[in-house]
Amino acid sequence: MSILTWARTHSPWLIHFNAGACNACDIEVVAILTPRFDVERFGALLKGSPRHADVMVVSGSVSRKIRDRLKRIYEQMPDPKFVVAVGSCAISGGVFQDCYNVMEGVDKIIPVDAYIPGCPPKPEAILDGVVKLLMSAGY
Amino acid sequence: MERDGGKTLSEREFIIPIGPQHPALKEPESFLFTVDGEVVVDVEPRIGYNHRGIEKAMESRNYIQNLYITERVCGICSNAHQTAYTGAVEEVGSIEIPERAKYIRVFMQELERIHSHLLWLGVAAHEIGFDTMFYYVWRDREVVMDLLEEVSGNRCNYAMATVGGVRRDLPRDKYPKWHKMLDKLAERTNYYIKVASTEKTILERAVGVGYLGKEDMIRLSGSGPNARSSGVPCDIRKLTPYLIYDEIPFKHIYVDNGDVLGQVLVRTLEVIEAVKICKWVLDKIPEGEIAVKFNPMQRLPEGEAVYLVEAQRGELIHYTISDGRNMPYRHKIRAPTLGNIPSLVERLKGGYIADIPITIAGIDPCFSCTDRMAFYDEGKDKTWTWTDVELSKYRKEWYSR
């Protein structure tokens with residue numbers, strides 16, 4: 001493992017983007033930062049700016065109005081970058097499939113590296129998804 | 001400089017756009033702040049980023065399928081939305097639900113209130129930069145999340161209420177354990193009330209921040225803890241009791257502070273009351289059926305109904321019209337945050353830029369509930385928002401054609 005990969009995979013900084021979610025996934029994403037689940041033991045930190053982040057955690061069924069913003073935020077992230085789609089809505093639109101204002105999935109807009117199913121997924125599942133992503137990146 | 005609303009700026013003022021992706025905001029919404037130095041002069045909220053087309057979708061799904069979609073209007077107040085939806089549908093169909101189901105619905109509603117208010121307390125502590133308290137509160141919140149998971153099988157989106165009753169029973173042998181968990185929550189919340197009203201770190205950032213008086217609050221039609229923190233007694237559970245709230249002894253909480261501290265106090269004191277209500281329900285719950293049968297293909301008679309629920313953020317209104325089919329002709333949801341936005345704008349004016357996050361977080365905004373309307377031009381592939389001036393102009397043009 002090169003020193004670059006080692007450094008990157010041991011301090012993945014996250015950015016959380018709500019692309020029209022119902023908040024359930026969002027509170028579970030915040031919950032993984034808190035003492036019981038504590039994502040910081042994998043070196044992950046939640047960051048405010050996309051320019052500081054390596055992993056984008058997207059929740060929600062991507063409404064048409066947020067679509068361009070999602071693309072812009074993704075483009076602002078430095079390479080190498082990863083996207084984690086959290087929840088059924090981010091994967092396929094979930095219960096909002098066939099709604100006129102919904103894009104039905106994050107992967108229609110930007111490439112996605114990990115999918116975490118559930119409505120909402122439990123914090124343990126989100127942690128598992130993040131760790132699996134890090135493993136595939138050479139943790 | 002010309003703005004959307006047609007206002008012009010003086011030379012000293014300039015505009016800061018915040019959102020839709022911003023570290024201070026957990027949800028996609030956007031605000032245009034006009035600032036003069038450090039002081040906020042004007043605020044223009046822009047909502048609609050979270051519009052999914054729920055009301056339209058409900059018109060093509062039957063009453064049972066709609067349960068799942070109303071629940072996902074908002075993941076934090078999912079049970080409040082379901083209670084309001086099922087209440088409205090049952091009123092149209094004259095369905096009488098069993099007594100035990102009413103108790104279980106109240107139990108879920110109050111557990112959800114505890115979870116939501118503790119979540120808010122943590123987020124508010126985070127917004128004023130007191131991250132230690134954020135971690136403490138969220139650690140203690142896991143107790144109520146465990147309780148919710150034990151009752152319903154899921155941490156958010158519980159799927160408890162159904163048309164005609166509830167889906168799952170509360171097993172009697174678990175009550176002693178749940179009493180203990182509720183006691184723990186009350187004990188910790190009492191500790192946070194003490195911390196919030198004595199700790200200097202919090203008082204410095206909470207007292208006098210985002211102040212709005214009682215008259216202004218009534219004029220701007222705020223609701224929920226936002227209005228009750230300005231001394232307006234407006235709890236729907238007391239004013240127009242639904243389910244069994246008229247039988248339950250609980251205090252009508254409101255304080256006169258009008259600032260962020262008032263909002264902290266109202267919400268934490270409500271957690272204590274909610275714990276009391278939960279314990280009362282566990283003591284008094286009658287035996288019996290939990291649901292009457294409702295067939296997904298069942299048609300409801302023609303009619304309309306309004307159902308009001310005191311959600312965690314305020315007054316939640318569901319209005320349904322049935323035209324005799326097995327799906328609603330129209331279902332309108334009015335979420336509490338929409339009513340709270342005018343008072344939020346007033347709270348922000350005259351404050352400092354640094355106080356923006358806590359003032360916005362102070363009303364516990366929920367934009368996934370609120371975004372019921374957006375404009376989208378399919379041909380040109382563009383979206384936009386309108387101010388009320390533009391909207392009334394459009395209305396005039398439309399009707400003069």
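The values are calculated or read from the model by the stated rules, or taken from the named source; none is laboratory data. Only a predicted model underlies this, so the values are computations on that prediction, with no experimental measurement involved. Counting neighbours? That spans all protein chains shown, and the Cβs are built from the backbone with ideal geometry, glycine included. For the accessible areas, the whole protein counts, side chains as well, though only heavy atoms, and no ligand, DNA or RNA atoms are used. Shrake-Rupley method; radii C 1.70, N 1.55, O 1.52, S 1.80 Å.
Worth pointing out:
- The single condition among (1) surrounded by fewer than 19 Cβ atoms within 10 Å (Cβ to Cβ); (2) within 26 Å of B:Gly324 (Cα to Cα) that B:Ile97 does not satisfy is (1).
- Some residue of region B:80-100 being within 12 Å of chain A (Cβ to nearest Cβ) and under 26 Å from A:Cys89 (Cα atoms): yes
- Region B:207-217, residues that are surrounded by fewer than 19 Cβ atoms within 10 Å (Cβ to Cβ) and in a helix (DSSP H, G or I): B:Lys214, B:Glu215, B:Asp216
- Selection from region A:58-71 of residues that are open to solvent by 10 Å² or more (accessible area, probe 1.4 Å) and more than 9 Å from chain B (Cβ to nearest Cβ): A:Lys71
- Residue within region A:84-99 that is open to solvent by less than 10 Å² (accessible area, probe 1.4 Å), closer than 24 Å to B:Arg61 by Cα, facing chain B (nearest Cβ under 10 Å) and in contact with an Asp or Glu (Cβ under 6 Å, 6 or more places away or on another chain) present: yes
- Conditions (1) open to solvent by less than 20 Å² (accessible area, probe 1.4 Å); (2) assigned to a helix (DSSP H, G or I); (3) touching an Asp or Glu at 6+ places or on another chain (Cβ under 7 Å); number of the one not met by B:Thr337: (3)
- Within region B:1-19, residues that are part of a loop (DSSP other than H, G, I, E, B) and at pLDDT 60 or above sit with their Cβ atoms under 6 Å from residues that are open to solvent by 40 Å² or more (accessible area, probe 1.4 Å) and not acidic (Asp, Glu), at 6+ positions apart or across chains, in these pairs: B:Leu9/B:Met1.
- As a summary of the residue check, B:Glu204 satisfies the conditions (1) away from chain A (no Cβ under 14 Å); (2) open to solvent by less than 10 Å² (accessible area, probe 1.4 Å); (3) free of Cβ contacts under 8 Å to residues at least 12 places away in the same chain except for the one numbered (2).
- Members of region B:252-272 found to be of a type in the set (D, E, K, R) and either assigned to a loop (DSSP other than H, G, I, E, B) or modelled with pLDDT under 90 (or both), listed by number: B:Asp256, B:Asp259
- From B:Pro241, B:Pro249, residue being under 14 Å from B:Glu110 (Cα atoms), part of a loop (DSSP other than H, G, I, E, B) and open to solvent by 50 Å² or more (accessible area, probe 1.4 Å): B:Pro249
- Selection count, region B:134-162, where residues are open to solvent by 10 Å² or more (accessible area, probe 1.4 Å), under 28 Å from B:Leu261 (Cα atoms) and not basic (Lys, Arg): 4
- Residue that is within 22 Å of B:Pro286 (Cα to Cα) and either in contact with a helix residue (DSSP H, G or I) (Cβ under 6 Å, 6 or more places away or on another chain) or hydrophobic (A, V, I, L, M, F, W, C) (or both), where the choices are B:Ala101, B:Ala84, B:Ala88: B:Ala101
- Among (1) modelled with pLDDT of 85 or more; (2) over 21 Å from B:Tyr85 (Cα atoms); (3) within 14 Å of chain A (Cβ to nearest Cβ) - the single one B:Glu346 does not satisfy: (3)
- Of all residues making up region A:121-130, the number that are out of contact with any strand residue (DSSP E or B) (no Cβ under 7 Å at 6 or more places or on another chain) and open to solvent by less than 10 Å² (accessible area, probe 1.4 Å): 1
- Region B:29-71, residues that are within 11 Å of chain A (Cβ to nearest Cβ), open to solvent by 30 Å² or more (accessible area, probe 1.4 Å) and assigned to a strand (DSSP E or B): B:Arg46
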